[in-house]
Amino acid sequence: MLLLNVGGVTSAIACGRLAETAMGRRGAATIMMAIGIAATPLYVLTANTILMWIGAFAMGFFAAGAWGWCRAISTNASPPRPGP
């Protein structure tokens with residue numbers, strides 16, 4: 001669990017840096033989530049402890065770190081309605 005959280009915190013920095021490139025926030029979040037989903041079997045379906053640790057960090061880094069961008073993406077996708 002510690003490696004999953006460490007991965008998530010370090011990913012916030014990496015995903016933020018990636019979001020500043022030409023691909024933008026949506027592209028960065030999409031890439032991070034796709035790799036996080038691909039790393040899931042390492043964390044869930046292994047009996048080897050080392051592979052489980054690697055999978056926990058990878059899921060934290062790629063999947064949990066990308067969730068921080070969801071609020072920014074949803075704000076851009078649906079701007080507030082104008083007042084009456």
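The values are calculated or read from the model by the stated rules, or taken from the named source; none is laboratory data. All figures in this text were calculated on a predicted structure; none of them were measured in a lab. Here the Cβ is made from the backbone with ideal geometry for all residues, glycine too, and neighbour counts use every protein chain on show.
Results, tabulated for the structure shown:
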item	result
Residue satisfying all of: in the stretch 1-28; in a helix (DSSP H, G or I) and charged (D, E, K, R); surrounded by the most Cβ atoms within 10 Å (Cβ to Cβ) among these	25
Failed condition for residue 51, given (1) part of a helix (DSSP H, G or I); (2) loosely packed, with under 14 Cβ neighbours inside 10 Å	(2)
Residue within the stretch 70-80 that is surrounded by 12 or more Cβ atoms within 10 Å (Cβ to Cβ), among the aliphatic types (A, V, I, L, M), at pLDDT 80 or above and in a helix (DSSP H, G or I) present	no
